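Q: What follows is a structure written as C-alpha cells; I'll ask about it next.
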Protein chains: 2
Amino acid sequence: MLTTKKLKPLLPQEDYLPHVAYDCVIFGFDGKELKILILEYHNTGYFALPGGFIKVSESIDTAVKHGLKERTGLDNIYLEQFYTFGSMSRVAPDTMRTILKANDFDCVESNWLFDRFISVAYYALINYNSVTLKPDEFSDSINWYAIDELPDLMMDHNEISKKALQVLRANLEKNLIGMNLLPDKFTMKELKEVYEVILGEKLGRTSFQRKILSLDILIRHEKLYTGGAHKAPYVYSFKTKNN
Amino acid sequence: MLTTKKLKPLLPQEDYLPHVAYDCVIFGFDGKELKILILEYHNTGYFALPGGFIKVSESIDTAVKHGLKERTGLDNIYLEQFYTFGSMSRVAPDTMRTILKANDFDCVESNWLFDRFISVAYYALINYNSVTLKPDEFSDSINWYAIDELPDLMMDHNEISKKALQVLRANLEKNLIGMNLLPDKFTMKELKEVYEVILGEKLGRTSFQRKILSLDILIRHEKLYTGGAHKAPYVYSFKTKNN
DNA sequence: CCAAAAGTGTTTTAGCTACACCCATGA
DNA sequence: TCATGGGTGTAGCTAAAACACTTTTGG
C-alpha cells in the first residue's frame with residue numbers, strides 16, 4: 001500500500017447533476033447460481049452495488065451504459081430501470097467521507113458528494129463468462145456474489161438488490177430473460193436452470209420444455225455430445241439473435 | 001385579469017433538490033371512462049400533469065403525497081412509482097420561463113427552474129367523486145380528461161401518461177385496482193366496467209364475476225334497488241377495507 | 001446390457017368461456 | 001306478465017401438469 005500518494009482531485013461538481021446517482025444490480029448465471037456483482041471500496045470494509053453519477057450532458061440511461069461498459073467491458077447490455085430510491089435515510093455524508101478519505105481524494109469539509117442523493121436503480125443481465133471485471137478507482141475488488149449470500153451492503157443497497165430480484169421475477173414471463181444470461185447456444189436444461197434460480201423453485205422438466213418450445217422463440221441446432229453416458233441434448237439459440 | 005399584481009418571489013432554491021421533479025398521472029373513473037387530471041398553466045396554453053419539486057428535507061414519496069393532498073384534498077391515496085424520466089430532451093428552459101413570466105413571478109435570467117430536470121413519475125388511483133379539485137398557484141384549471149382524448153401536453157408528459165397506462169394495465173392483475181377507483185361499496189357491474197376501461201376491451205359478464213369472486217377478496221352486502229325493472233344486484237366491498 | 005438423461009406421447013386436471021336457464025324487479 | 005338485467009349451473013374447450021414410455025449415449 002503506497003502511503004506517499006498525492007491527493008487526487010475530486011470529481012468536478014460542475015460536470016455532474018448534483019443529488020442524483022444511479023445504482024446497478026448486475027445479474028449473472030454461473031451455471032449453478034444466480035449472482036450479482038458487488039464491489040468493495042478501498043480500506044473501508046464497505047460493500048456496494050456498482051453505481052455512479054450522471055453527467056449534466058447525458059441522459060440517465062447513457063450514464064448507466066457508460067458505467068457498465070467501464071466495469072464489465074460489455075456493450076449492448078440488457079438494462080432495465082426498475083425503481084428510484086429517494087428516502088431521507090439515504091443521506092449518509094459520513095459514509096461518503098470515509099470512502100473519499102480512504103481513497104486519498106482531496107476532500108474538503110463541504111462537498112457535493114456528501115449531500116443527499118436519490119438513486120435511480122437499474123438491473124442488468126449479462127453473460128457470466130463474457131465479462132472482464134475492472135474495479136473502478138474507488139474500489140479494490142469487484143466480485144460475484146450469490147443472491148442468497150450477499151454481504152452487508154452500504155446504505156440501502158441490500159434493499160435495492162432485493163427489489164431488483166423481485167422485479168426480475170415478475171418480468172420473467174414477458175421478457176426473454178435467458179437470452180441475456182446465457183451464451184448464444186445452450187441446452188434446454190441450462191435454460192431451465194436459469195428460470196429455476198430466478199424463481200427460486202424447481203420446475204417440471206417436460207412442462208418447461210413444452211412451454212418454452214410452444215413460445216416459438218428457439219431454434220434447434222445440432223446435438224451436444226458431452227461425453228456423458230446418456231442421450232445427447234439438442235443445442236438451442238434464441239430466434240431474435242443471429243438468425 | 002389583474003394587471004397591477006406585484007411580482008411574486010420565486011420558490012426558494014435552497015428549500016428544494018435541484019434538477020429533480022415529480023410528475024403524477026392521477027387516474028379516476030367517472031362511471032363510464034378512465035380519466036386523468038390535467039392542469040393548464042395561466043396564460044400559456046400549456047397543459048401538464050400535476051407535478052412539483054422535492055424539498056431537501058422530505059422523501060420523494062412524501063413530496064408526492066403532499067402535492068396530491070394540495071391538488072385533490074385527499075389523504076391516503078393509492079400511489080405507485082413507475083418510472084424516472086431522465087433523457088436530455090427534457091431540458092426546456094424556455095417553457096419554464098414562459099410559465100413563470102405568465103404567472104408574474106420575479107424571474108431572473110439564470111434560475112434553478114430553467115435547469116435540466118429529471119422527473120420521477122407516479123400514478124395514483126383515486127375515487128372520482130371524492131375529489132375537490134384545487135388548481136395550484138401556477139395554473140388556472142385542473143380538469144379530468146379521458147385517456148384517449150388528452151390534449152397536447154408540455155414536454156414529455158404525453159409519453160409519461162402513456163407509460164402510466166401501460167404499467168397500470170400490467171399491474172391490473174396483481175394489485176387490487178378497483179379498490180381505489182371505486183367508492184367503498186359498488187356492484188359487480190361497476191367493478192367490471194373499471195377493468196374494461198383500463199384494459200380497453202369488453203369482458204365476459206359471467207367469467208368476470210366468477211373470476212373475481214374466486215379471488216376471495218370481496219364481501220357481499222345487501223342488494224341495491226336502483227328502481228330499474230330488473231333483479232337487484234348485490235353490493236360488494238373489498239375485504240381489506242373496513243372489515 | 002445397464003444407468004442416466006433427453007425427448008415425446010398420453011392421461012388427467014384445472015381454469016376459463018360460452019351458453020343457458022332461472023330469478024328478481026318494476027312497469 | 002313482460003322486458004330487463006343479475007346470479008349461477010353446466011357443457012365444452014384449452015392449457016398445463018404429471019406420468020409413462022422410448023431413445024440415445026458411454027461405460
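Q: Just how large is the dipole of chain B about the Cα centre, in debye to the nearest 20, putting +1 at every Lys and Arg Cβ and -1 at every Asp and Glu Cβ?
A: Roughly 1160 debye, rounded to the nearest 20.
Q: Identify all lysines with a Cα-Cα distance to residue B:211 below 17 Å; exclude those on the same chain that are fewer than 8 residues away in sequence.
A: Straight-line reach from residue B:211, under 17 Å: B:174, B:189, B:192, B:202, B:239.
Q: Looking only at trypsin sites (Lys or Arg not before Pro) in DSSP loops with at most 15 other Cβ atoms within 10 Å, what is the longest site-free stretch of chain B?
A: The longest such stretch corresponds to B:33-173.
Q: If N is the number of residues in the stretch B:30-73, what value comes out of its Cα radius of gyration divided by 2.2 N^0.38 Å?
A: It is 1.43.
Q: By a straight-distance test (C-alpha under 17 Å), which aspartates and glutamates pair with residue A:32 as possible cross-link partners, with residues fewer than eight away in the same chain excluded?
A: Result set, ordered by chain and number: A:148, A:149, A:190, A:193, A:196, A:201.
Q: Then there is this: Across the residues of B:147-156, average count of Cβ atoms on other protein chains within 10 Å?
A: Details: counts 0, 0, 0, 0, 0, 0, 0, 0, 0, 0.
Shielding by partners across B:147-156 averages 0.
Q: Okay, next question. Which of the chymotrypsin sites (Phe, Trp or Tyr not before Pro) found in the stretch B:185-243 are in a DSSP loop and have at most 15 neighbouring Cβ atoms, other than their own, within 10 Å?
A: Details: sites: B:186, B:195, B:208, B:225, B:234, B:236, B:238; in loops: B:225.
Passing sites in the stretch B:185-243 are B:225.
Q: If one computes the Cα centroid of the stretch B:186-243 and of the stretch B:60-128, what distance in Å separates the two points?
A: Spelled out, the Cα-based centre of one part sits 36 Å from the other.
Q: For residue A:11 and residue B:232, what does the FRET efficiency come to when R0 = 56 Å and r is the distance between their Cβ atoms, rounded to the nearest 0.05?
A: Plugging the Cβ-Cβ distance into 1/(1 + (r/R0)^6) gives 0.25.
Q: Rounding to the nearest 20 debye, state how big the charge dipole of the protein assembly as shown is about its Cα centre with +1 on each Lys and Arg Cβ and -1 on each Asp and Glu Cβ.
A: It works out to roughly 2140 debye.
Q: Would you calculate the volume per residue, in Å³, of the smallest convex hull containing every Cα atom of the stretch B:166-239?
A: So the per-residue Cα hull volume is 99 Å³.
Q: Now for a different question. Using only the Cα atoms of chain B, each taken as one equal point scatterer with no solvent, compute I(q) by the Debye sum, divide by I(0), and report log10 of the ratio at q = 0.09, 0.10, 0.13 Å⁻¹.
A: So the normalised log intensities are -0.45, -0.55, -0.84.
Q: Can you give me the P(r) profile for the stretch B:61-129? Cα pairs, bins 5 angstrom wide beginning at 0, each as a whole percent.
A: Percent of pairs per bin, in order: 3, 14, 19, 14, 18, 18, 12, 3, 0.
Q: Return the loop-located GluC sites (Glu not before Pro) in the stretch A:190-243 (DSSP other than H, G, I, E, B) with at most 15 other Cβ atoms within 10 Å of their own Cβ; answer none if there are none.
A: A:201
Q: While we're looking at this one, here's another question. Set Lys and Arg Cβ to +1 and Asp and Glu Cβ to -1, take the dipole of chain B about its Cα centre, and tell me which of B:126, B:16, B:111 lies farthest positive.
A: My answer, from the dipole projection, is B:126.
Q: Under Stokes-Einstein, with the Kirkwood radius over Cα pairs standing in for Rh, what whole-number D in µm²/s applies to the protein assembly as shown at 37 °C and 0.692 mPa s?
A: Roughly 127 µm²/s, to the nearest whole number.
Read-outs throughout are calculated quantities, based only on the coordinates presented, and are distinct from any laboratory measurement. Since the model is a prediction, treat every value here as computed from it, not as a measurement. With ideal geometry, Cβ positions are generated from the backbone for all residues, glycine too; neighbour counts draw on all protein chains shown.
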